[in-house]
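A.B. asks: Let me begin by handing over the structure; questions about it come next.
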Amino acid sequence: MAQSPQFHGRTERHTERISPYDGARGEATTWWRNTHETLKNYYPDAKDKKSRNQWLPLIREAMQGYRTGVDRVNEYIRDMKDGNGLVDVDRLMAKFCLSMDRNSLPLLP
């Protein structure tokens, strides 16, 4: 099982963990909702596209146990980069969650 990525919050003494995403069927949206809230709490000034791009390494690291997820995120990043090389993280993750959760719907009880 992959370890949760760590980052420093508002104080150097506090270390927050992002829950790893393991590709659980139908859980991508819930995972992203929780992760998004955690990132917003610890990066409160990350309100624009440029500052939210600092989240991408943490998101990828949280998926290290799920190689397909990392590959899909990287593919979407390549497709969605703007002229400055930046990605709208919220749009990227909405696309990722939609693709992951939609593909799992027929398999849910």
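The values are calculated or read from the model by the stated rules, or taken from the named source; none is laboratory data. These numbers come from a predicted model, not from an experiment. Counting neighbours? That spans all protein chains shown, and the Cβs are built from the backbone with ideal geometry, glycine included. Remember, those area values only see protein heavy atoms, side chains included, never the ligands or the DNA or RNA. Shrake-Rupley method; radii C 1.70, N 1.55, O 1.52, S 1.80 Å.
A.B. asks: At a 1.4 Å probe radius, carbon and sulfur cover how many percent of the accessible area of region 21-88?
C.D. replies: Taking all protein chains in place, region 21-88 shows 41 percent carbon and sulfur surface.
A.B. asks: How would you classify region 22-66 from its alpha-carbon gyration tensor, with a ≥ b ≥ c the square roots of the eigenvalues: rounded for a/c under 1.5, else prolate if a/b is greater than b/c, otherwise oblate?
C.D. replies: Because a/c hits 1.5 or more and a/b exceeds b/c, region 22-66 counts as prolate.
A.B. asks: Length gain on complete extension for the stretch Asp22 to Ser99, per 0.36 nm per residue less the alpha carbon to alpha carbon distance?
C.D. replies: Contour length minus Cα-Cα distance gives 26.2 nm.
A.B. asks: Largest first and in whole Å, what are the equivalent-ellipsoid semi-axes of region 28-109 based on the Cα gyration tensor, each being the root of 5 times an eigenvalue?
C.D. replies: Values for region 28-109, descending: 22, 15, 11 Å.
A.B. asks: While we're looking at this one, here's another question. Treat each spin label as a single point 7 Å out from the Cα along the C-beta direction, and report the Gln54 to Asn41 distance in nm.
C.D. replies: Spacing of the two 7 Å Cα→Cβ label points: 1.8 nm.
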